[in-house]
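Working notes, structure below.
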Amino acid sequence: GLDICLEKLKGILKRWDDIGVTDHGTWANQEAMFVRQLRNMILYAMAVTKAARCRDESRGAHAKILLDDKGERMTDADGELMFYGRDDERFMKTSIVDYDPKTEEPQVSYMDFEHSLIKARARNYAVAKKE
C-alpha cells in the first residue's frame, strides 16, 4: 500500500534528476517552469504519503485498514474489512512534514493545536445526512 507508493515516488524523484529541457529560452520558458514545479509535486506527494503511513488511525476521510502480523488485511466475522479507530490522544494534532535533503526522506512530526472551543466529533460518511 503506502510503503509501495512511497518507494515508487522515491524512484520517480531519482528519475527527475535526468529530465532534459529542450526549450532553452530565457524568457517565459514554460517547460523549465513545469519541470521545476514537478519536483515540488513529487516531494509533496511523498510528504502526504509518509504522513498518511505514520497515522495509525481512521479520521474523517482518512481510513486505514488493520493489518495482521503478516501484513494481510483483517476482516471481522462477516468478512468486512476492519479499520483503525480514532486515536485523539496520539493524532488529534497537525501533521508537520519536513524534507531532509541528505536522506531524501520526509520526516513527520506532530503539533498540538487549540481545540477546546469546539469539541471533536466523529464524521460518518457511510450514512446520508438528515435534512
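The values are calculated or read from the model by the stated rules, or taken from the named source; none is laboratory data. Only a predicted model underlies this, so the values are computations on that prediction, with no experimental measurement involved. No Cβ is skipped: glycine too gets one built from the backbone with ideal geometry, and neighbour counts run over all protein chains shown.
From the list 71, 85, which residue is within 26 Å of residue 12 (Cα to Cα), at pLDDT below 90 and not in a helix (DSSP H, G or I)?
Working: 85 fails: within 26 Å of residue 12 (Cα to Cα).
Just a single option satisfies the conditions, and that option is 71.
Of the conditions (1) modelled with pLDDT of 90 or more; (2) in a loop (DSSP other than H, G, I, E, B); (3) surrounded by 11 or more Cβ atoms within 10 Å (Cβ to Cβ); (4) not basic (Lys, Arg), residue 18 clears all except one; give me its number.
Result: residue 18 fails condition (3) only.
Being farther than 30 Å from residue 73 by Cα and basic (Lys, Arg) narrows it down to one of 50, 8, 14, so name that one. First the steps, then the outcome.
Values: 50 fails: farther than 30 Å from residue 73 by Cα; 8 fails: farther than 30 Å from residue 73 by Cα.
Every option except 14 fails the conditions.
Which one is modelled with the lowest pLDDT among residues in segment 91-106 that are more than 24 Å from residue 11 (Cβ to Cβ) and surrounded by fewer than 14 Cβ atoms within 10 Å (Cβ to Cβ)?
It comes out as 94.
Take segment 21-72 and flag every residue that is aromatic (Phe, Trp, Tyr) and over 12 Å from the mean Cα position of the chain (by Cα).
To start, the set of residues in segment 21-72 that are aromatic (Phe, Trp, Tyr) comprises 27, 34, 44.
Of everything in segment 21-72, those that are aromatic (Phe, Trp, Tyr) and over 12 Å from the mean Cα position of the chain (by Cα) turn out to be 27, 34.
Name the pairs whose Cβ atoms lie under 8 Å apart, with the first residue in segment 58-87 and under 17 Å from residue 3 (Cβ atoms), the second among the basic types (Lys, Arg) and modelled with pLDDT of 85 or more, and 6 or more positions between them or separate chains?
The qualifying pairs are 62/55; 64/55; 65/73; 66/73; 67/73; 84/64.
So residue 2 ticks every box in (1) surrounded by 14 or more Cβ atoms within 10 Å (Cβ to Cβ); (2) out of contact with any helix residue (DSSP H, G or I) (no Cβ under 7 Å at 6 or more places or on another chain); (3) within 24 Å of residue 87 (Cβ to Cβ); (4) not hydroxyl-bearing (Ser, Thr, Tyr) but one. Which box is left unticked?
(2)
Cβ-Cβ under 9 Å, sequence separation 6+ or interchain: first residue in segment 107-131 and within 17 Å of residue 91 (Cβ to Cβ) and aromatic (Phe, Trp, Tyr), partner modelled with pLDDT of 85 or more and assigned to a loop (DSSP other than H, G, I, E, B). Which pairs?
110/93; 113/92; 113/93
Of all residues in segment 77-90 being closer than 24 Å to residue 121 by Cβ, loosely packed, with under 13 Cβ neighbours inside 10 Å and among the charged types (D, E, K, R), which is farthest from the chain's Cα centre (by Cα)?
80
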